1. Going by alpha carbons, how many degrees (0 to 90, nearest 10) lie between the helix axis of 26-40 and the longest principal axis of the chain?
2. Place the peptides 16-23, 75-82, 49-56, 34-41 in order of packing, highest mean first, counting for every residue the other Cβ atoms within 10 Å and averaging per peptide.
3. Expressed as an acute angle from 0 to 90° and rounded to the nearest 10, what is the orientation of the C-alpha long axis of helix 46-61 relative to the principal long axis of the chain?
4. Translational diffusion coefficient of region 2-84 at 4 °C, 1.567 mPa s, Stokes-Einstein with Kirkwood Rh over Cα pairs, in µm²/s as a whole number.
5. Describe numerically, in nm with one decimal, the distance between label points set 7 Å from Cα along Cα→Cβ at Asn27 and at Ala51.
Amino acid sequence: MAKREEKLKQIIDILEQLAEDTSVPRNIRRGANEAKDVLLKEGDPLDVRAASAIFILDELANDPNLPLHGRTIIWNLMSQLETLK
C-alpha cells in the first residue's frame, strides 16, 4: 500500500511540473491541474481516481497543439496510472 501511495505522489509531482510548464498551452496546464485534483480527492477509491485522471490525460494527449515533450510526459503518466488500478 505504501508503494502505491509513493507512486501516486510521484505522479502528482509530475502533474504539478506539467501544470507550471509555460512551454505547453494553457488548456494543457489546466487539464494537468484537473487530473491532479481528481487524484487528490480522498473520498473516491484509488482505482476510480486513476481511471478519471487517465480519461483527462487521454483528452490532453490528443490535443494537436501539445508539444512532443508534453505528449511524452502525459503518455508516461498514463502508463504509471494504469499500474495503480
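Here, each number is a calculation from the coordinates, and none is a lab measurement. Remember, it's a predicted structure, so these values are computed and weren't measured experimentally. Note: ideal-geometry Cβ built from the backbone for every residue, glycine included; neighbour counts use all protein chains shown.
1. 0
2. 49-56, 34-41, 75-82, 16-23
3. Once rounded, the angle reads 10 degrees.
4. In µm²/s, the coefficient is 104.
5. Taking the two extended label points, one gets 2.6 nm.
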